[in-house]
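Note sheet for the following structure.
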Amino acid sequence: MSIDVFAADEQSDHPIEVARWARLSQRVLTARGVKGETEVSLLFVDEDAIAALNEQFLGKSGPTDVLSFPIEDEPGPTGRSPDLGGSGPGTSPEEGTLTLLGDVVICPAVAARNAVEHEVSLDDEVALLVVHGLLHLLGMDHEDDAEAERMEALEQELLTLYYRTQVPER
C-alpha cells in the first residue's frame, strides 16, 4: 500500500525540486490519515497555464498561486480488475482499490511574488501552497472565518512537523 505523488515541473520561470515537494505531499497525506493505494498529481505550471485553468474551472481571470481539483468519483479497482474475480487469497476487499485523490496545480511565478510580499523564501511559499492544496483535496475549505482559521492552523502545524524541521538532503 502506498501514496504515490506524481509531480511534474511544466514551467521554466523558477527551478522546482519536484521530488522534494512530492515527499512533503506524502508526509502530509500520511499524517492526515490517507491510507491504501492513493494517487495525487502535483503540477508546477506557468502563469498562462494556471490563468487558463482559473478561467475554465473557477470563472476567474488571471493567474493564481494554487488550484486544487479533487476527484470525487468512487475509487476504482486496481491490480486484478481484468477478471474482477476477487482480490486473491490473503487480501481484504479494501486492498487493490485505488483512490485518485486529485490534482494540485501551483504557479511558481505567482508564488515568487507572494514570497516577496510575505517576506519569506520561495521554498517557504511553495511548501505552504503544497499543504494548502492538499488540504483542499482532503475536503477542507476557507469559505468562512472559522473554517479559514482551522485550515490555517492545520497548515502551520503540518509545515512545522514535515517541512520546517526537515534537514535538507545532500
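The residues LEU100, LEU129, when put in order of fewest to most other Cβ atoms within 10 Å, stand as LEU100, LEU129. Here the extension length gained between GLU10 and ASP48 equals 12.5 nm, from 0.36 nm per residue of separation less the Cα-Cα distance. Taking the fewest neighbouring Cβ atoms within 10 Å as the starting point, the ordered list for GLU39, GLU125 is GLU39, GLU125. By other beta-carbon atoms within 10 Å, ranking VAL40, VAL130, VAL34 with the fewest at the front produces VAL34, VAL40, VAL130.
Since every read-out is calculated from the coordinates, none of them should be taken as a lab result. Note that the structure is a prediction, hence the values are computed from the model and not measured. Don't worry about glycine lacking a Cβ; one is built from the backbone with ideal geometry, like all the others, and counts go over all protein chains shown.
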